[in-house]
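Working notes, beginning with the structure itself.
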Amino acid sequence: MSDYKIVYLIVERGVEPNRQTFWRTAGVAYLCRDGSLNLKLDFHPGLIFNIRDPKSNGEREEANGVAQTVTRDVVREVANDDIPF
């Protein structure tokens, strides 16, 4: 197994039955020694994201609360805005 993964941006255009899906390279994800992933995206090369499992129930509850809030906000935003890809 390689120590990195390719990150793709998946863009869907059009409506059924003429919907097209495009996969574009967006960066790389490196596997760290502790099993987490470091994510470097081409569109913002100055940032490195780290993806890992929560360490405790407190972190898990905090992460779930943030994820639920972000998901609701994103769904609300997408429903109110036509994204021109």
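Distances between placed amide hydrogens fall under 5 Å for Gly27 paired with Val7, Asp42, all partners being 5 or more residues away or on another chain. The local environment of Leu9, defined by Cβ-Cβ distances under 12 Å, has a net charge of -1 under the rule Lys, Arg +1 and Asp, Glu -1.
Here each label is just a point 7 Å from Cα along the line to Cβ, and for Val15 and Cys32 those points are 4.4 nm apart.
Applied to region 25-32, the Karplus parametrisation 6.51 cos²θ - 1.76 cosθ + 1.60 on θ = phi - 60° returns per-residue 3J(HN,Hα) values of 5, 10, x, 9, 10, 9, 7, 8 Hz, with x for Gly and Pro.
Quick note: the coordinates plus some simple rules give every number you see, no bench work behind them. Only a predicted model underlies this, so the values are computations on that prediction, with no experimental measurement involved. Every residue, glycine as well, gets a Cβ built from its backbone with ideal geometry; the counts of neighbours run over all protein chains shown.
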